[in-house]
Structures are given as C-alpha cells and as structure tokens.
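First up is the structure itself, then whatever we jot down about it.
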Amino acid sequence: MKVSIYDDRRVQRFISIEKEHVRIGRESDNDIVLPVEEISRYHAEILVEDSEFTIVDLKSTNGTFIGRKRIEKERLHPGESFYIGGFELQVVEEKKKSIQELKKAIQEELLGRVELKKLDFERANDVELWDRTKQVIGDIIKERGLEIPPPTTIEDFIKEILDETLGLGPLEDLIEDPEITEIMVNGKEKIYIERHGKLSLYPRKFTSDQQVLAAIERIVAPLGRRIDESTPLVDARLKDGSRVNAIIPPLSIEGPVLTIRKFSPNLLNIGNLIHLKSLTEPIAEFLKICVRARCNILISGGTGTGKTTLLNILSCFIPEDERIITIEDAAELRLSQKHVVRLEARPPNIEGRGEITIRGLVRNALRMRPDRIIIGECRGGEALDMLQAMNTGHDGSITTIHANSCRDSLSRLETMVLMAEMDLPVRAIREQIISAIGIILQLVRLSSGERKIEKITEVVGIERESIILQDIFVFEKGSGKFKTRGYVPEFIRNLPQQEQNIDLKIFK
C-alpha cells in the first residue's frame, strides 16, 4: 500500500509499505514515524484485509479522526482521509505502473526541470549535464515515492531514462557493443540488430515516436542538418564515423525509421579476411598485385556485403608516395597513408542552397593533381566523370557500386552515365567502361552471415555491342571453396618486364 501524508504546511510525501498491519506513532519503531508531541508513542494502526482498509486508534491521547468524528475503529473508503495530530493521511491503492509508464511520467516532469528540449548531441556528452540530470531523476523518484517493478533495478532504471533523455535511448548500449555491425529502428516498437551477419530483434524499445525523433535530431543537429516534414529524410554520421540514415513520416508509415551502419574501431586487414575465410591467400596476393599494378577496380555487391570494408583494406596496398583523394557521401573510409585528401558531399541547407554533389567533387578532384581517386560509392552521374578520370591518367582508382553480379554492375554503370545527361550512344559508354575498369570484385553475404568474394572478373573487351568478361577466381557455394579458372589476366601479361616477378601458380 502507499500512504499519502500532508503536514500542517500542506507538504505532501508518500510512504510505500508492503504489510498487512501498519503502525503509526512517534516512536522510531513504527512503520510510519510522525515525531511530534501531538502524536502518541503508538497512535494508530492501519489494517489490510481482502484489499480493504481499516483504521484503528490505539488509545491515543489526542485521538484519530475521520472528518470531525473521533473514531476507535472505522472502515476507510477509497480516497478517504483521516487525521492525527495535525497530519492528514490517505491510503492510496494504485495499480503498479509498467516500466514504460513510469519512464514517461518521469521524462515529462524532467522536461520541466532541466532544459533538454533543444539539447544537441554534442552537449549531451557533457559529463556534468549527465550527473545533474541523474540527480534530478533520483529526486523525482524519491518525491513521488515511485516503485520500480522487479527485476529492473533502480540503477538500471535511471540509466535507461538518462540514455533516452540525453543520448540515443535503448541504442546507447548497442552503439558500445563491438559485435553489433548494424542497428535498424523500425518505429518505436521494433529495434533490429545485426550481429555476426545475422539479424535479431532487440528486446528493448523506445517509449514513443517522439523519443525516436529526438534521438535522430541529436545526431543531425551538430552537423548542420535537419529533419522535419519538409525534409523527411537525412544522411549523417556519428562521431566515431558510423553511418546514419533516417526517414520520418509522411514518407515512413511505421513512424521514424533509423538505420545505423556501425563504424568498427578496429581496422581490418587482408589477414583478417583470410582468417574469416572471405578469401584465400592466393586471392589476397592477386588483389595486392592489382592495386600495385594500378589496375582500376570496381567493387560490387548488395547491401551489407562489406564493400566499404574491402575498399579500406585494398587501399592499404597503395604506395605511400602517391597522392590519394577520397570522395564520399558520408565519410567512412580510413586510409593509413599520410598523403590523403578526404572530400565529403554536402546536402542543401534549410533554404535549399549550398548543395555540393559527388559529381562536383569528382570534377574538382581532377584539378587537385591526384595519383588515385577513390569514390566511396557511385550512385549517379558521377560515374561518367569517374570513368573519364580512370581513362585520363588516374589509373589505380577504386570505387564501389550496388549490384548483384559483375554484369549487373556494368549495366548499372551504363545507367548512371546516362544520368549525367550527356546523351552518349550506348556503344560509346561501353567503350568508356572497358577502357576504364580493369577488375570487378563481386561480394556476397551468405545465409549464414558470412561474407565472401564471390567472383573476381577481368573486363576483357567488347564484341558485337557486348562487354566480354573473364572470371579469374570464383567461390562455389556448393563446395564452399574458392576455385581458379586457370586464366592469367591480360593486364598481368601486359606488365613491364621489370614488374613481371609474379608467381603465376596462383592462377592454376
């Protein structure tokens, strides 16, 4: 039961007691202690039986009253008050609130006490702010006499409210978990995570769509971006480089939707991919040869197949004495070389101005004396500029593309070139492609969650309007093994004599 107590100054406090006999008096061994002279040492008692309450006076000096009537023993009706020595007491039978209801009630009161509404993600990391807010939450729980239903502890409960109020709510622990590679929020009720390549439903939830939206705003506000009905989708990144995409109503029927592609703090290397059986040692050796020989590489694959990870790893083979320019929508690449210039596209501002596209950055990069250009992902008309760059002395460039096969990737490139509105004939586009692209790496993610290089294919030439492709290495799903096709790539046969110290056994 919960007893509400008003003193003579009309200050209210609550006491929660799980007993069937609750004694009230001046002495310290009472269940409810009212240490004033007007109260007898053992003044009265509340009895609980079958969810009904009875107040019993214990022959006190100054008496126990209901209204103006002094009583000895009386049934208490719901919400009825009784009086002892200047105190008004009332037994409150409450249904215990759920964790979500308690959180919501505290958060509503918290907004009135701490200035949180316009808090951005940068300020939310202020240790002093977290400590101050934690103290206020503790005060609210104490003042209201709130009970936290088990098995949740008071410490965990306060942490959850802090995460939701100042951080990213239930996503805070997921951000810190190094084994989680992707976080997907489908409205307030459903949070999915990817761990070791497998998707699963996370048990925690947001309390409301407003909290999901607040988490999104904390991410995008420090970057000078916004999300609202006029701009209902946005790309951004967290401080650690994790990529973020958010989309809200009216475009999203499910409520605010948030997707976070986590940025691993540990840089993988080619040895890690061999250990994970994503490729073999001969394939690793071949990829190193491709990069050192300045072969233009197109990395193709579906979502979550590891294209950006592989691009990062391949970049490690680029010599230190070359000038590299990276161009991305949202900066994810982390190159180990010292001479790297990183460029990032910019969306339009609130007034719809100031947009800088990937295509604009590719054109600008050509004026920056690059040895190699690396585009995080080709998505549109920049494909034409990239192909022209590869054909005009910037060999050794690398980019990624979303496609399900090597041939699909070239078809997508054609479509993207047409998006540049240059009105080129298909034959001319294909000749640009075969002159520019040397090797295609096709990635795949298996149902087990494993990621593999499914095919390594050379772009050989063109015949009767069709681009000719030749597989070099293939991963056979049936046997689970990587096989070579016994083909020595043409670019290796054309290498200068001094660079032909390559063990051709890797192709047998």
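How many angstrom lie between the C-alpha centres of region 154-207 and region 230-271? Cα centres, region 154-207 to region 230-271: 14 Å. Each Lys or Arg adds one and each Asp or Glu takes one away; over the other residues whose Cβ falls under 11 Å from the Cβ of E344, this sums to -1.
I need to check one value: relative contact order of region 370-505, counting alpha carbon pairs closer than 8 Å and at least 6 residues apart, in percent. Numbers along the way, then the final one.
Working: 182 pairs, mean separation 21.4, N = 136.
It rounds to 16 percent for region 370-505.
Max-minus-min Cα coordinates of region 286-422 on each principal axis give 46, 34, 30 Å, with the largest extent listed first. The heavy atoms of I492 offer some 10 square angstrom of accessible surface to a 1.4 angstrom probe. With unit charges on the beta carbons (Lys and Arg positive, Asp and Glu negative) and the dipole taken about the Cα centre of the chain, which residue among I373, P151, N245 sits farthest to the positive side? In the chain, that residue is I373.
When you count the other C-beta atoms within 10 angstrom of each residue and take the mean per peptide, 32-42, 418-428 line up highest first as 32-42, 418-428. For the chain, C316, C378, C406 have no disulfide-compatible partner, since no other Cys C-beta lies under 4.7 Å from theirs. Evaluated with a Cβ-only charge set (Lys, Arg +1; Asp, Glu -1), the chain carries a dipole of roughly 1580 debye about its Cα centre, given to the nearest 20.
Give me the base-10 log of I(q)/I(0) for region 193-279 at each q in 0.16 Å⁻¹, Debye formula, one uniform scatterer per Cα, rounded to two decimals. Debye intensities relative to I(0), on a log10 scale: -0.76.
In this simple spin-label model, placing a label point 7 Å from the Cα along the Cα-to-Cβ direction at both R195 and E37 gives a separation of 6.5 nm. Need the list of lysines near K19 for cross-linking: C-alpha distance under 17 angstrom, and skip anything on the same chain fewer than eight residues off. Within the straight-line limit of under 17 Å, K19 reaches these lysines: K2, K95, K96. What aspartates and glutamates could a cross-link reach from K69, if we take a straight Cα to Cα line under 16 Å and drop same-chain neighbours fewer than 8 places away? The reachable aspartates and glutamates, counting only those whose Cα sits under 16 Å from K69, are D57, E80, E88. With the convex hull constructed from alpha-carbon coordinates only, region 437-508 shows a mean projected area of 6.4 nm² over all directions.
What FRET efficiency do you get for R353 and T392 if R0 is 30 Å and r is their Cβ-Cβ distance, rounded to the nearest 0.05?
0.40
Reported value for region 394-437: 84 Å³ per residue, from the convex hull of its C-alpha atoms. Label-to-label distance for E88 and R464 is 9.7 nm, based on points extended 7 Å past Cα in the beta-carbon direction.
For E490 and V426, the difference between the fully extended length at 0.36 nm per residue and the C-alpha to C-alpha distance is 20.6 nm. A simple spin-label model places pseudo-atoms 7 Å from Cα toward Cβ; at R292 and V136 they are separated by 6.1 nm. Rounded to 0.05, the FRET efficiency of the K19 and R334 pair, given R0 = 56 Å and the Cβ-Cβ distance, is 0.35.
Overall, the accessible surface of the chain at a probe of 1.4 angstrom is composed of carbon and sulfur to the extent of 48 percent.
Using a 1.4 Å probe, what is the accessible area per residue for the chain, in Å²? Per-residue accessible area for the chain comes out at 52 Å². So which of K262/K452; K198/K483; K455/K483 end up more than 18 Å apart, counting from Cα to Cα? From K262/K452; K198/K483; K455/K483, over 18 Å: K262/K452; K198/K483.
Counting only protein heavy atoms and using a 1.4 Å probe, the accessible area of D131 comes to about 90 Å².
Between K59 and K483, the contour length at 0.36 nm per residue exceeds the alpha carbon distance by 143.1 nm. Please give the residues of region 191-226, grouped as numeric ranges, whose backbone N is less than 14 Å from a label point set 7 Å along the Cα-to-Cβ vector of E172. Within reach of a label on E172, which here means backbone N under 14 Å from a point 7 Å along Cα→Cβ, region 191-226 contributes 205-207, 215. Taking all Cα pairs closer than 8 Å and separated by 6 or more residues, the relative contact order of the chain comes to 8 percent.
The values are calculated or read from the model by the stated rules, or taken from the named source; none is laboratory data. What you see is a predicted model; the values in this text were computed from it and never measured. Note that we place each Cβ from the backbone using ideal geometry, even for glycine, and neighbour counts take in every protein chain shown. Protein only, heavy atoms only, side chains kept; ligands, DNA and RNA dropped before computing areas. Shrake-Rupley method; radii C 1.70, N 1.55, O 1.52, S 1.80 Å.
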